[in-house]
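Here the structure is laid out as structure tokens; the discussion comes afterwards.
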Amino acid sequence: MASSKTQRHDPAVGLWAKWHRARHASSVLCRVQQRLETRIVSNTAIQVLTEGDPVVGCARMMPSEEIRRFAVAREAEVLAMTQMLKLQDMLPEVEALSLAGIVAKLDMIVGADRDIGDPTDFPWPHIASALRDLKAIAGDMPAYRPRRSTTRVDVAVHWEGAARLIACLEADEAAARSERTTRPI
């Protein structure tokens with residue numbers, strides 16, 4: 001796609017870039033969360049039911065810090081996904097100032113549908129077809145290639161927010177436990 005001043009300053013292209021950053025951070029955090037979940041599931045002492053008595057598996061119990069890291073990773077992924085969805089919600093309010101902006105808007109719409117729903121239902125094949133035609137005429141958006149440092153910053157922001165949330169939930173839970181144990185009968 002030809003680079004012009006209008007395209008570089010097109011708000012729709014800027015929104016597209018932010019959306020891709022949020023989507024990439026969400027994807028990275030999803031993989032982290034899945035790795036931690038796999039580690040927890042494979043390392044917990046789960047009772048194995050046999051014909052006789054239940055047999056406790058030989059794996060060790062995960063320390064509470066591992067469980068906490070999983071909870072933080074899960075919440076960080078949710079925060080990143082929420083940011084991505086908020087950017088998608090902004091799409092109708094953003095004006096495209098160039099063909100690149102229109103391609104960016106349609107690319108977000110079609111890209112969002114890859115994550116949800118059935119892409120074979122109306123109007124998705126029709127929108128994807130219009131996007132292909134527009135890209136053939138005007139050119140494609142550049143491939144999104146985030147820098148590792150950018151991804152690390154994005155992931156860290158979501159991780160810190162999730163860690164604060166989990167800490168608050170743990171504090172609330174501890175306070176509720178304390179209140180239950182100190183109440184007279």
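Please treat every number below as a calculation from the coordinates, not as lab data. Predicted, not measured: the structure shown is a model, and the values here were computed from it. FYI the Cβ positions are ideal-geometry reconstructions off the backbone, even for glycines, and counts take in every protein chain you see.
Scan segment 67-89 for residues that are touching a helix residue (DSSP H, G or I) at 6+ places or on another chain (Cβ under 6 Å), more than 9 Å from Ser26 (Cα to Cα) and among the aliphatic types (A, V, I, L, M) and jot them down.
Selection gives Ala71, Val72, Ala73, Leu87.
Would it be correct to say that Leu165 is more than 18 Å from Trp19 (Cα to Cα) and either out of contact with any Asp or Glu (no Cβ under 6 Å at 6 or more places or on another chain) or not aromatic (Phe, Trp, Tyr) (or both)?
Values: more than 18 Å from Trp19 (Cα to Cα): yes; either out of contact with any Asp or Glu (no Cβ under 6 Å at 6 or more places or on another chain) or not aromatic (Phe, Trp, Tyr) (or both): yes.
Against the criterion (more than 18 Å from Trp19 (Cα to Cα) and either out of contact with any Asp or Glu (no Cβ under 6 Å at 6 or more places or on another chain) or not aromatic (Phe, Trp, Tyr) (or both)), Leu165 qualifies.
Need the failing condition index for Ser98 against (1) touching a residue at least 40 places away in the same chain (Cβ under 8 Å); (2) closer than 29 Å to His158 by Cα, just the number.
(2)
Hey, can you tell me all the residues within segment 151-169 that are more than 13 Å from the chain's Cα centre (by Cα) and touching a residue at least 12 places away in the same chain (Cβ under 8 Å)?
Scanning segment 151-169 gives Gly161, Ala163, Leu165, Ile166.
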